[in-house]
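Written below as structure tokens is the structure these notes are about.
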Amino acid sequence: MPLHSRLMFSCLVLGFASTAAAKDDLNWVDREAMKELPEVLQRPIPVWCGGIYYNPRVGPRAETSDTIITADQTSASEDGLIEMSGDVLIEQPGSRVVTNSALFDRSSGKFEVDTPLRLESNQFTFLADSMSGQTSSRQVSLGNARYSLFGPGAHGSAEYIDQVSNLTSVFNGTYTTCPPGSNGWRLSGEQILLDRDKGWGEARNVVLRVRDVPLFYLPWITFPIDDRRKSGLLFPTISTSDSGGLDFSQPIYLNLHPQMDATIAPRYVDGRGAGLETEFRYLTPYGQGQVSYGVLFQDREFDDQDRELAAWRHDGSIGRWGLHVDMNYVSDDFYFKDLDTGLQVSSQTHLPRVGELRYYGQTWQALGRLQAWQTIDPTLSDDLHPYRRLPQLQLTGRPHLLGPLRLLWLSDVTAFDRSDKDTSNNPTGVRMHAQPALSARLENNWGYVEPRARLYHTRYQLDDGGPSGSEPSLNTWGASLDAGMFFERATNLFGRGYTQTLEPRVFVNKVAYEYQDDLPDFDAGELTFSYNTLFRENRYIGYDRIGDEEKIAVGLTSRFLRDDDGREQLRLRVGQGYYLDDRRVQLDGTGEDTADQTPAVADMRWNFGRDWYLYSEGQWDTSGGQRQRSTLRLGYNDRERRIFNLGFHDRPEDNLRQSEVAAIWPIHRNWRLIGRWMYDVENHRTQETLAGAEYRNCCWRVRLVSQRELYDDDGDGTLEPDSTVMLQIEMTGLGGFGGRVDSLLERSISGYRREYE
């Protein structure tokens, strides 16, 4: 007979679950059982796992629902004691208990079960020989129990379990995230505390067993049971290389504040010495950032010198104002080569030191910047080191004047300086530049036309003078006309509807010649030629050179857009520029460029499949009948387990022919191969190889990666090979060591992100 009562059996609805479709008594649901469930009840199972803990028959908890008790026999005394026997079921939305007999005291809220029982809800399952507790205090105690936790996918056993609200205490128990029947790893502890409110577990007098073999003993350990943070020891990082030997660091994580945390990692490098790596992260109303610092004390392989690395990055905004800071420092040119770091600081030829303040208005934008560089390439002479901007002030805007007529404003004032150690005698000083323009864009759905007229004015105040004195200047002008049309038609390819576009474009550009060889060159550069550069007004970047030009550029683009979702499936572009006069302004002091046309350029991007793409670009010198450049890239990224990159770059003018193959690809449900091969075709040598393998299942992830690179050890331009071996081991739900493998893959394999894992 059923009894309806607002007992609010709170202790039974702590967040656990089960299913009759499961093939394990703790509600382990394998793939076959999951497929048998109605589609609405099915849940995804990670491909590397054989199943998950899940109970579709217990829904979400309901705090105000009645408790329903059924039993074959029920008796109640006058003092409120209820005795139940024979198929006892105590149930409310989100939880249920199944046993053979039970006692419940209505007056005190105490209950007792002395026969084997099953306690289930939508987040875990308990099997026990006995149970007792009290409803009002949300307390329950279980004897000789086994359990499964659905969130972390964990299970274990205990002599005794005490549950109060969302706090579980396991005495003389075990904990593992391995699937049923597996002995991959297991924690055995005198006391294991699982705090679901804080998302962390804590264990004392712990033995970690791997394959039933005791691996080590810990008097105390904490571990996550969800994705929240907590202070404690992280697993160490271990690697070895030809140049550095064994490299060991032990990270310590500090959860300082909900918006602040830090990692401190003592480090030891065999043959070199001891050091420390630290990283502090913060989040404020004004932005987020991180401060990193690493030091190796008295490196025995580097004349007993201290070797340091520091960085500060910040990005934030206040209203329409944005702030960006990127400051970096290393003590010597060979730090990244000798001491691979676990900090989020990347190795570059020039380390930036920049602070930017930007204003974003609807019409006007402003920029204030302080920028310097630390050059860590010993092969670069002083005259090739970049200038410092101390400061740079810039104002840009697009105000409406009349109808479609707009003023395009750009003004820039920059003070250029060089390091005190510089011996190149390059000029320093202040550059003032303005290039206002009038533009009127007339457009419709079938096309557009945009005439534009621009003035260029540049003035210098040099510290030591130059060929034209201490205040040289430049004044010139330019005009352009940009026009394009859009045609489209419906088509059908391979049974799918598409909209095909045809987009011809014509760009006419005139920039008047003005002699500029006597002007300083602080930051001018020439863009790599491509389809998009055909339609630029100035063929140089920076403001020190304004390239004279009389050119007509024509281009044609065709796109195939899918009718069902609007996605661009295929894009084809071809274009070429034709010159009406020679180009006399040159960066390197060479003679005039007398070519009457640019190379013909064509590119294609084909987004086939859901995650595949193919990109190809070719440039051809039509007057000389020679290939100028060719690029081919084939890529795949499902943002989960698979990445594949295949590339080939050929630039005959730079004597560069380079191929690359990189992939992270599964060969089995549990196995992935990791590889990258960069080959210098021109010099017939391998530049870099990366080879490794990953094994992953419900309880383990193991990566072993070997990297071989060519390095300039002494800064004399001679490249020598250096090999590094890295090992990463992760016990799912417990943590792991070898986090530098993730950093290596992010640097080496385009498209890899550790958050995909």
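The values are calculated or read from the model by the stated rules, or taken from the named source; none is laboratory data. What you see is a predicted model; the values in this text were computed from it and never measured. Ideal geometry is used to build each Cβ from the backbone, glycine not excepted, and the neighbour counts take in all protein chains shown. Just the protein is used for accessible areas: all its heavy atoms, side chains included, with ligands, DNA and RNA removed. Shrake-Rupley method; radii C 1.70, N 1.55, O 1.52, S 1.80 Å.
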| query | So how many Lys-Lys pairs in the chain land under 26 Å Cα to Cα, not counting same-chain pairs under 8 apart? | reply | 4
| field | Potential extension, E39-R584 segment - 0.36 nm per residue separation minus Cα distance | value | 189.1 nm
| remark: Length gained, S165-L673, 0.36 nm per residue minus C-alpha separation, equals 178.4 nm
| Assuming R0 = 30 Å, what is the FRET efficiency of E301 and S750, from their Cβ-Cβ distance, to the nearest 0.05? | 0.35
| field | M432, M34, ranked by accessible area, largest first (probe 1.4 Å) | value | M432, M34
| Residue separation times 0.36 nm, minus the C-alpha to C-alpha distance between R211 and D25: what's the value? | 64.7 nm
| remark: Amide H proximity to G547 below 5 Å, modelled H, separation 5+ or other chain, gives R539, Y540
| field | For D114, solvent-accessible area (1.4 Å; no DNA, RNA or ligand), Å² | value | 110
| query | Order of 188-198, 613-623 by packing, highest average Cβ count within 10 Å first? | reply | 188-198, 613-623
| task | Mark the label point 7 Å from the Cα of N475 along Cα→Cβ and return the residues of the stretch 388-431 whose backbone N is within less than 19 Å of it. | result | 410-412, 431
| Relative contact order for the chain: what is it in percent, counting Cα pairs under 8 Å that are at least 6 residues apart? | 6
| message | Give me the percent relative contact order of the stretch 279-341, please, defined on Cα pairs under 8 angstrom at least 6 residues apart. | response | 25
| request: Please tell me the relative contact order of the stretch 516-634 in percent, rounded to the nearest whole number, where contacts are Cα pairs under 8 Å and at least six residues apart. | output: 18
| remark: With a ≥ b ≥ c from the Cα gyration tensor eigenvalues, square-rooted, and the rule rounded for a/c under 1.5, otherwise prolate when a/b > b/c and oblate otherwise, the stretch 166-303 is oblate
| said: Taking R0 as 22 Å, what FRET efficiency do you get between M260 and K198 from their Cβ-Cβ distance, rounded to the nearest 0.05? | reply: 0.80
| said: Give me the 1.4 Å probe accessible area per residue for the chain, excluding ligands and nucleic acids, in Å². | reply: 49
| query | Rounded to the nearest 10 Å², what accessible area does M731 show when all protein chains are kept and the probe is 1.4 Å? | reply | 10
| request: Taking mean projected area of the Cα convex hull in nm² as the quantity of interest, determine which of [x] 30.8; [y] 45.6; [z] 42.1 was computed from the displayed structure. | output: [z]
| said: Residues of the stretch 630-658 with the amide nitrogen closer than 20 Å to a label point 7 Å from the Cα of T686, along Cα-to-Cβ, please. | reply: 644-649, 657-658
| Over the chain: helical MRE at 222 nm, DSSP H runs n ≥ 4 each giving -39500 (n - 2.57), nearest 500 | -500 deg cm²/dmol
| Which value, in Å² and to the nearest 10, is the accessible area of H314 when all protein chains are kept and the probe is 1.4 Å? | 20
| Given charges of +1 on the Cβ of Lys and Arg and -1 on the Cβ of Asp and Glu, with all other atoms neutral, how large is the dipole of the stretch 171-276 about its Cα centre, in debye to the nearest 20? | 120
| note | Heavy-atom accessible area of the chain with neighbours in place, 1.4 angstrom probe: carbon+sulfur share in percent works out to 53
| field | FRET E, pair E190, S108, Förster distance 30 Å, beta-carbon r, rounded to 0.05 | value | 0.40
